[in-house]
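The values are calculated or read from the model by the stated rules, or taken from the named source; none is laboratory data. Predicted model, so just to flag it, every value in this text is computed and none were measured. FYI the Cβ positions are ideal-geometry reconstructions off the backbone, even for glycines, and counts take in every protein chain you see.
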Amino acid sequence: MDGFFANIDWAEIGAAGVDTLLMLGGSLLFSVILGLPLGVLLFLTGRGQLLEQRGVNMALSFLVNVLRSLPFIILLIVMIPLTLLLVGTSLGVAGAIPPLVAGAAPFFARLVETALRGVDRGVIEASQAMGATTRQIVLGVLLPEARAGILAGITVTAVALVGYTAMAGVVGAGGLGDLAMRFGYQRFQTDVMVVTVVLLLVLVQALQSFGDWLVARASRR
Amino acid sequence: MIHFQNIHKSYRVDGREVVALHPLDLRIETGEVFGIIGRSGAGKSTLLRLINGLERPSGGSVLIDGIDMAALDGAALREKRRGIGMIFQHFNLLASKTVAQNVAFPLRLAGDADRAAVERRVAGLLERVGLGGHANHYPAQLSGGQKQRVGIARALACEPSILLCDEATSALDPETTASVLRLIGEIHREFGLTVVLITHEMDVIRRICDRVAVLDAGRPVEVGKVADVFLHPQHATTRRFVQEYEHEDVLNDAGESVAAAKRIRVTLRGDSVHAPLLARIARGTQVDFGLIGGRVDKIKDTAYAQLTLALSGGDVDAALRGLREGGAVVEEIG
């Protein structure tokens, strides 16, 4: 066993794990904060919806599509000036979060839009008949009714972000993916590769299971 | 009173103008149960939704006690809507909220902050619709009839003066339909509500409505008291609805002896249903009454009998006179 794990520096792996979790937590938080309202707006301004606005909807939709079509590795580099402006550095964990959010928030917004489309139109109509304002419909009807779908969206986004963080090594952000890349792949340290990949697998499994549990708890159908 | 004044509605679909409602005038009196019957696409759903502004007319006005709903907007419209309860074919309850939270929802929307008062009101309403023990259940745990009862409690939460029923029993089985209609009837009397309902089933109209409008392709083809429209339908569409309900095709199967006789439809209403009118006339005029088809039932609270008879022998003219004098409406069938 010792022979196989010869190259493993557990302290380094621990630090990389912490970096991954920090990047994941930070970017997921901001992706939800930005993506949720964006998704609600995409839905509300859509055709036949409460705030139907063709122009606004097309503009938002275009922005989301542009961000989603850029490969993340390109986004990471193109974002550098904006990242500097936002967090003061384009390096490390902090420097990785803005591009991660820019990649994940539009993705999450689309998932939110889809979840909201699944809300029964009749329920929205009933709320209107009861004299609800658009704000009351969003907060009191749409979001609670789509809760399970939105939680599932957060889970999918979190798993996607784990994949994105592996590329964040390009801006020196560290993390498990970066370790796998630099030591496991470039230095042929197969043991480092195996350990980091197993840890990432465990992380994704844990996220998915936790997410599924939340979704099941939120479902009332 | 709800007064549709020269109201009409059309949509643009793929650049073409589609008329949902042709210009129409219609009055619904305060405190009555008014039914609107029509096939799908006849415009009844549009007409109902004009009342609470869920649909805006292309022209004309919808006056509720003199206020034009079609001219209201924003906060004024929302305020008015709170005075109009609505129940739906598919109930439209919030799946993420409990029964009690669903009923409390319109109160919360209205900004009712007094929690204890809201809870008391919700408990009272649930008790009234027979769901006192289901406050903490979720809609998914209820049967269709129970869901509609929650819908009714929710519609009543803000003490409306008008209740709109959008095919409220169309998704329910006959037995549940009867109990939900009974509940709507009771609530109509207790709360003094004006009830407007749309349906495609004549039986619903017969059970609880005072007056009915028959809608066909965006036009009201017949409007009147349910008994008049139901027993003496004038328009082909109305006749189809009534026949559908009565499943009456016995006439066509009647034998040759009947074909030679004089055929009439006799309609009796109220107390005269139970009077021994036919027997008396048969004795007096020596006319034989052959029974081809018929029905003895109730329209809302009024009993009626409608019989299709074949008259032969004796003094037929005297028999017809006697029937008319006895309070029957007699129609001769070709």
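Could you grab me the full set of residues in the range B:269-320 that are of a type in the set (Asp, Glu), farther than 30 Å from B:Gly35 by Cα and assigned to a strand (DSSP E or B)?
B:Asp288
Does B:Ile152 meet the test of being under 27 Å from B:Gly31 (Cβ atoms), in the same structural domain as B:Val33 (by TED's automatic domain parsing), in contact with a strand residue (DSSP E or B) (Cβ under 7 Å, 6 or more places away or on another chain) and part of a helix (DSSP H, G or I)? Step through it out loud before you land on a result.
Details: under 27 Å from B:Gly31 (Cβ atoms): yes; in the same structural domain as B:Val33 (by TED's automatic domain parsing): yes; in contact with a strand residue (DSSP E or B) (Cβ under 7 Å, 6 or more places away or on another chain): yes; part of a helix (DSSP H, G or I): yes.
When the stated conditions are applied, B:Ile152 passes them.
Is it true that some residue in the range A:80-92 is more than 11 Å from chain B (Cβ to nearest Cβ), under 22 Å from A:Leu200 (Cβ atoms), part of a helix (DSSP H, G or I) and in contact (Cβ under 8 Å) with a residue 12 or more places away in the chain?
yes
Tally up the residues in the range B:142-170 that are among the β-branched types (Val, Ile, Thr), away from chain A (no Cβ under 13 Å) and more than 21 Å from B:Met202 (Cβ to Cβ), please.
Matching residues across the range B:142-170 total 0.
Which of the residues spanning the range B:282-334 are of a type in the set (S, T, N, Q), modelled with pLDDT of 90 or more and exposed (fewer than 15 other Cβ atoms within 10 Å of the Cβ)?
Once the filter is applied, which keeps residues that are of a type in the set (S, T, N, Q), modelled with pLDDT of 90 or more and exposed (fewer than 15 other Cβ atoms within 10 Å of the Cβ), the range B:282-334 yields only B:Gln286.
Among the numbered criteria (1) within 17 Å of A:Val156 (Cβ to Cβ); (2) out of contact with any helix residue (DSSP H, G or I) (no Cβ under 8 Å at 6 or more places or on another chain); (3) among the small types (Gly, Ala, Ser), which single criterion is violated by A:Gly48?
(1)
Within the range B:78-98, restricting attention to residues that are without any contact (Cβ under 8 Å) to a residue 40 or more places away in the chain and within 18 Å of B:Val195 (Cα to Cα), which residue is farthest from the other protein chains (Cβ to nearest Cβ)?
B:Lys80
Could you tell me how many of the residues in the range B:99-120 are at the interface with another protein chain (Cβ under 9 Å from one of its Cβ atoms), surrounded by fewer than 19 Cβ atoms within 10 Å (Cβ to Cβ) and not hydrophobic (A, V, I, L, M, F, W, C)?
So the count comes out to 1.
Please work out which residue is farthest from B:Lys9 (Cα to Cα), limiting yourself to the range B:38-62 and to residues that are buried (at least 18 other Cβ atoms within 10 Å of the Cβ) and more than 14 Å from every other protein chain (Cβ to nearest Cβ).
My answer is B:Gly38.
For the structure I just gave you, tell me whether B:Ala168 is among the hydrophobic types (A, V, I, L, M, F, W, C), under 16 Å from A:Ala126 (Cβ atoms) and within 17 Å of the chain's Cα centre (by Cα).
Against the criterion (among the hydrophobic types (A, V, I, L, M, F, W, C), under 16 Å from A:Ala126 (Cβ atoms) and within 17 Å of the chain's Cα centre (by Cα)), B:Ala168 qualifies.
Just to confirm my filter: which helices (runs of 4 or more DSSP H) fall fully inside the range A:114-221 and include at least 2 residues that are away from chain B (no Cβ under 14 Å)?
Of the helices (runs of 4 or more DSSP H) lying wholly inside the range A:114-221, those with at least 2 residues that are away from chain B (no Cβ under 14 Å) span A:147-167, A:176-179, A:190-218.
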